[in-house]
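What follows is one structure encoded as C-alpha cells, with my remarks underneath.
What follows draws every value from the coordinates through simple rules; no lab data is involved. These figures come from a predicted structure and were not determined experimentally. Note that each Cβ is placed from the backbone with ideal geometry, even for glycine, and that neighbours are counted across all protein chains shown.
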Amino acid sequence: MKDFDRPKFNSEDIMDMPYLSAIPDSEEGGLVSASEILEFEIAAYSVPLVPLPASLKSRLMERLQVPEFDTSPEFQRLLLKPIKSLIRIANTIKIWQPLSTPEGSTYAKWKVDVNNRQVAFFLRVPIAGALPSHRHATGETVLVLEGDFICNGITYKPGDRSISEAKTIHQPTTHGCLVLCISSLDDEELS
C-alpha cells in the first residue's frame, strides 16, 4: 500500500479521506471514526455466506463471460479451503500416480464423485514442461497452490484459478507447480 493510499486520522480518531466521498456518515452525522469502520467490517464479515441462486449465478457468469463449470457443492467447498491447508492435505496423500509428462510429474486423487462423474485431484510437477494435451468432457477448474500454471498464454500463480469450458482441448505448461484440479472422470488424454 502506498503512503497516499493510507487513511489519515486526526487527534479525535476521525478518518480524514478527502479522496473517498462514499463513506456513510455516522449516526451523529459528520465523519466516520476508525472504531465505527471497524464495527462495520466486523459486522460484514460475521454474516454467514449464502449460496448464490443458480439462476443468478448463471446470469452473472454469462455477463462476466466466465465459463460455468457445474461442480457439486462439496467440490466447490474444496476450492474455498485455505491454500496452506490444501498443501498440507496434498503432502499427506500417500499414493501418487505417474503422469506421462513432464518427467517426474505425479497426480493423486483426493475426492471422487461417481454420480456426477467428477474428480478432485492434486497434480505435482517438479520441473518446467508441458502437461499432456487433453480434452475436457465437462469443464475443469485448476487452483494453483505452488509455482505457476500457464494456460492459453495466461500465467496463474498461487491462489489463482484457471477455468476451462467443456470440450476444451489444451496443453498447459508450467515451470513447476502443485495444483488442485476439479475435472471430469471422462476427460480424454490426447497423443
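Say each of His175 and Lys109 gets a label point 7 Å from the Cα, pointing the same way as Cα to Cβ; how far apart are those two points in nm?
Here the answer is 3.4 nm between the modelled labels.
In whole Hz and in residue order, list the ³J(HN,Hα) couplings for the range 141-150 that follow from phi through the Karplus curve 6.51 cos²θ - 1.76 cosθ + 1.60, θ = phi - 60°; x for Gly and Pro.
Whole-Hz 3J(HN,Hα) from phi for the range 141-150: 10, 10, 10, 7, 9, 9, x, 9, 9, 10.
May I ask you to compute the full-extension gain from Leu185 to Arg77, defined as 0.36 nm times their residue separation minus their alpha-carbon distance, rounded to one decimal in nm?
Taking 0.36 nm per residue and subtracting the Cα distance, the gain is 37.0 nm.
Taking θ = phi - 60°, what integer Hz values does the Karplus form 6.51 cos²θ - 1.76 cosθ + 1.60 yield along the range 124-132, in sequence order, with x for Gly and Pro?
The phi angles translate into 10, 10, x, 10, 5, x, 9, 6, x Hz.
Could you give the nm distance between label points at Ser133 and Asp160, where each point is 7 Å from its Cα heading toward the beta carbon?
The modelled label-to-label distance comes out at 2.4 nm.
In what sequence, highest mean first, do 85-98, 114-127 appear when ranked by Cβ atoms within 10 angstrom?
So the peptides 85-98, 114-127, ranked by packing, come out 114-127, 85-98.
Compute the distribution of all C-alpha to C-alpha distances in the range 92-152, in bins of 10 Å from 0, and list the percent of pairs in each, rounded to whole numbers.
18, 53, 27, 2
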